[in-house]
Structure formats: structure tokens, C-alpha cells
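The values are calculated or read from the model by the stated rules, or taken from the named source; none is laboratory data. This structure is a prediction, so every number in the text was calculated from the model and none was measured. Don't worry about glycine lacking a Cβ; one is built from the backbone with ideal geometry, like all the others, and counts go over all protein chains shown.
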Number of protein chains: 2
Amino acid sequence: MVSPRPSEVSGSAHERIYRALRTRIMHGEIAPGQALTLRGIGREFDVSMTPARESVRRLVAEGALFLSTSGRVSTPELSNERIEELAALRALLEVELASRALPRAHMALIDRLQSINMGVAEAVSKRDAVGYIRSNLEFHRTLYLRAQAPAMLAMAETVWLQLGPTMRSLYGRLRRTEPPRDHKLIIAALKAGDEPGLRLAVRSDVTQGLRMLTG
Amino acid sequence: MVSPRPSEVSGSAHERIYRALRTRIMHGEIAPGQALTLRGIGREFDVSMTPARESVRRLVAEGALFLSTSGRVSTPELSNERIEELAALRALLEVELASRALPRAHMALIDRLQSINMGVAEAVSKRDAVGYIRSNLEFHRTLYLRAQAPAMLAMAETVWLQLGPTMRSLYGRLRRTEPPRDHKLIIAALKAGDEPGLRLAVRSDVTQGLRMLTG
DNA sequence: CATTTGCCTATGTGATCACAAATTGAGCCC
DNA sequence: GGGCTCAATTTGTGATCACATAGGCAAATG
């Protein structure tokens with residue numbers, strides 16, 4: 001049956017599915033190693049295999065999904081080496097992004113960051129892993145948007161995407177109700193215009209999750 | 001007509017097409033703004049639109065191709081800001097990769113780099129832009145492979161891919177028959193185990209193309 | 001009871017088709 | 001001569017189909 005789509009203005013079907021899956025993965029709503037099928041995705045979003053295939057392909061290209069040799073797709077189960085490498089990439093990219101955002105960070109932005117940070121603290125106190133990841137990434141993205149470096153930000157988001165499923169199980173292991181200490185340091189450094197302090201705080205925040213892995 | 005492909009072991013059709021297009025783009029064999037069509041690609045590689053679409057999608061996801069709002073695909077025409085940002089990314093990533101490769105760089109690797117570097121010099125003397133880009137990237141990839149950081153290397157290659165078409169026109173503008181001075185510095189720093197020198201040489205080499213753009 | 005074998009279903013791949021939108025180009029009007 | 005209109009063609013999108021193969025489950029075997 002051919003469905004005469006009513007002159008859709010906002011993006012094609014595969015774009016919609018891509019966005020939906022991407023958000024799920026990045027926010028840690030899917031566990032590592034979870035299998036996906038094209039027909040299953042198509043059924044869920046009420047489309048044929050074609051758009052499902054394209055969104056999956058795209059996510060595989062970005063490293064958000066793993067493609068087995070037989071073509072089956074699943075969320076990746078990252079090795080410790082891979083996790084460390086991705087954390088190093090986060091540090092490299094996000095320190096630079098924060099540094100570039102610093103001279104452009106005015107009070108309105110800092111207020112905004114503080115407000116988002118309250119959401120982070122709330123998610124932590126409620127042991128809400130997905131909420132934590134989402135608001136934490138929003139904190140970082142809001143800051144980095146000021147860097148006016150779209151390619152660099154896109155690359156950082158790709159790393160977030162690859163770490164998504166792993167972050168869930170990582171933060172699920174986190175028991176202490178720790179308020180986002182590094183976020184406070186980031187905000188303080190922004191206020192003070194302290195670039196070295198900002199770089200340190202971002203690096204510390206970004207590699208924080210790693211500590212509970214190796215330590 | 002259904003073509004019963006004879007139990008192809010080495011990769012699917014879209015994989016083959018993806019590899020072919022990717023190499024072309026990364027090596028600067030396609031000019032910026034060049035349009036591609038799914039049916040055209042399919043005709044060239046003797047397949048239907050389906051595998052052509054998947055390879056194109058994948059390349060779009062990697063930033064190697066630009067997708068217009070109407071769905072047409074072409075190689076990107078980068079703005080100067082974008083080029084500068086991608087060069088900054090190269091510097092960030094490749095300095096780190098070189099630094100990680102340094103402790104593992106033994107004589108066999110240095111010999112290999114010197115041999116590749118002769119190919120670079122030859123391509124420069126022959127004004128062969130594609131040959132220059134290819135052997136130059138081979139030089140860098142050979143060094144970075146020693147870093148044992150696959151995710152980081154993949155990210156660097158993605159940047160190369162995005163810069164591919166632009167590099168062609170950029171190096172086409174280069175008139176002087178300049179031998180790869182920075183490459184010699186890189187090799188010297190590797191020999192001496194001089195990390196600061198290596199970082200400087202790589203940064204200089206990687207942002208070299210930018211100088212003729214802004215200067 | 002554990003292991004293996006074999007069949008059946010689920011799944012990915014690529015081809016083809018129908019359709020809508022965009023592009024192009026020729027003809028026409030001012 | 002230049003700009004505009006409209007139709008023909010090109011092009012991307014999504015659906016559906018045929019096919020090969022991989023995975024899983026059940027029965028048979030030791």
C-alpha cells in the first residue's frame with residue numbers, strides 16, 4: 001500500500017526515526033548489547049523497513065550502533081580500552097570547546113547553566129539515570145554552543161552518542177548521591193574568567209565517570 | 001530481475017560502493033560542490049538505487065557529503081570558518097595521536113615514514129594533487145596507527161574526509177614546489193624522542209594548508 | 001541429562017515500483 | 001532581448017517483494 005504522506009514539511013520519516021533512536025541511545029535509554037531489528041523499528045514507528053534501515057545505517061556510521069558481521073544491529077558493548085579512549089576524546093574536545101566559549105560567556109549563560117544544574121542535582125537525588133544523563137549533556141551542550149564551533153560540537157556529540165548505553169550502566173553503578181561538584185567549579189571558573197581553572201574543571205568532570213571504572 | 005549474487009564473502013554491495021566513494025572524496029578526486037545522484041551511482045557500480053542510497057547516507061552522516069533540503073547530494077563547499085574549525089580539529093586530534101605514538105615509534109616505523117615521505121615529495125614535484133593528498137594522509141595514518149587509539153584515529157579520518165574536496169582546490173592553489181619540511185621535522189622529533197618538538201611539528205604540518213587561505 | 005542435528009522462522013540485502021517534488025528547458029509574452 | 005510560465009524529465013522517498021542466510025528451538029541421539 002502506498003501512503004500518500006500529506007506533504008510533510010518537517011523532515012522525512014527516516015529523519016524522525018533517526019532523531020528518536022539517537023536521543024534514546026544518547027540518553028542511555030537502551031542497555032549495551034540490546035539488539036534491534038529493522039522490521040521491529042518499522043513496526044514501532046509505523047513505517048516500512050526502508051526508513052528504518054536508513055536511520056540504523058546512519059547511527060552505525062556514527063558509532064551509536066554496532067553492526068555484526070551478519071548484519072544484525074545492537075547497541076555496542078564497549079571494552080574498557082574503548083571507554084578510556086572515548087573519555088580522552090571527550091576531554092580533548094570539550095576542554096577546547098569550553099575554552100572557546102569562555103570569552104563569550106555572559107551572565108545570562110551562567111544563570112542558564114545554574115538552572116540546568118539544579119535539574120542535574122534533582123536527577124541525581126532521585127537516582128534517575130536517564131534524567132541525569134540528559135540534563136548533564138544539556139549542561140555541557142549549552143556551554144559549548146557559545147563556542148561557535150559547530151563541527152567540534154558535532155564531534156563531541158558523536159562521542160556522547162557512542163558512550164550513551166555505557167553511561168547508563170556506569171552511572172547505574174554510582175551509589176553515592178553526589179551533587180555535581182565539577183559543574184560548580186565550571187560555573188565558578190566561568191564567572192572568574194579563569195581559563196586554566198575552567199579547563200581543569202571540564203577535564204575532571206568529563207573523566208569523572210571513568211574513575212569508578214578503573215578505580 | 002533478481003540477481004542471485006554468488007555468495008559474496010567480502011562485504012556487501014553498499015560496503016564496496018561506500019569504500020570507493022569514500023576514497024575518492026578523501027583523496028580529493030571530486031571537486032567541491034560536485035553533485036551526485038543515486039541512480040548515477042547505481043549505474044556506475046551496476047547496482048540498484050538501494051545500495052547507492054545506503055552508501056550515500058553513510059557518507060552524509062560522516063560529513064563527507066552534503067545533503068540539500070530537497071535531498072540532493074553533493075560534495076560540500078566549505079566556508080572559511082568551517083575550514084579553520086576542521087583544521088583546529090586536526091591539530092587537536094593529531095597532536096594527541098602523534099604524542100601517543102611517540103613512545104611506540106621504533107626504527108622500522110621511522111624508516112617506513114621516510115619512504116612514504118619520498119612519495120610525498122615526488123607527488124609535489126609532479127604537481128599531482130591527488131597523489132600528494134593520498135601519500136600525505138598515508139604518512140599521517142602510518143604514524144597514528146602506532147598510537148593504538150582506533151576511536152581517535154577514526155575521528156581524525158572523518159575530518160580528513162570532510163576536508164577532502166576542499167584540500168584538492170587548496171593544494172591546487174599551491175604553486176611552490178615545496179618539499180614536505182614539516183614531515184622532516186616530525187621524523188627528526190620521533191628520532192630524538194622529543195615530544196614538544198613533535199607536537200609543534202605536527203601542529204604546523206596540519207595547519208599548513210590553512211596559511212595560504214587566510215594569509 | 002547433555003549434546004548435536006535439522007528444520008523453521010526471523011532477519012538483512014538488494015531490486016523494483018509508485019509517487020511527489022524539484023529541476024530544467026522550451027516556448028511565450030511584454 | 002529578457003523574464004515568466006508550464007510541462008516534461010529527473011530525482012529522492014518509501015513500500016513491497018524475492019531470496020539467502022543466520023539463529024533459535026525442538027527432537028533425536030549418545
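Structure values in brief
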{"item": "Some residue of region B:22-39 being facing chain A (nearest Cβ under 10 Å) and either at pLDDT 95 or above or within 25 Å of B:Ala123 (Cβ to Cβ) (or both)", "result": "no"}
{"item": "Residue check, A:Val159 within 14 Å of chain B (Cβ to nearest Cβ), out of contact with any Cys (no Cβ under 7 Å at 6 or more places or on another chain) and either touching a residue at least 12 places away in the same chain (Cβ under 8 Å) or among the aromatic types (Phe, Trp, Tyr) (or both)", "result": "yes"}
{"item": "Region B:40-65 - residue that is more than 12 Å from DNA strand D (Cβ to nearest atom), under 19 Å from the mean Cα position of the chain (by Cα) and outside any helix (DSSP H, G or I) and, of those, surrounded by the most Cβ atoms within 10 Å (Cβ to Cβ)", "result": "B:Ala64"}
{"item": "Residue among A:Glu122, A:Glu77, A:Glu81 that is acidic (Asp, Glu) and under 30 Å from A:Ile187 (Cβ atoms)", "result": "A:Glu122"}
{"item": "Filter result (within 16 Å of DNA strand C (Cβ to nearest atom) and crowded, with 20+ Cβ neighbours inside 10 Å) within region A:74-104", "result": "A:Thr75, A:Pro76"}
{"item": "Exclusive hit being in contact (Cβ under 8 Å) with a residue 24 or more places away in the chain, outside the structural domain of A:Lys184 (by TED's automatic domain parsing) and within 30 Å of B:Arg100 (Cα to Cα), set A:Leu86, A:Leu21, A:Leu102, A:Leu65", "result": "A:Leu65"}
{"item": "Within region B:8-39, considering residues that are more than 14 Å from DNA strand D (Cβ to nearest atom) and assigned to a loop (DSSP other than H, G, I, E, B), the one farthest from B:Asn136 (Cα to Cα)", "result": "B:Gly33"}
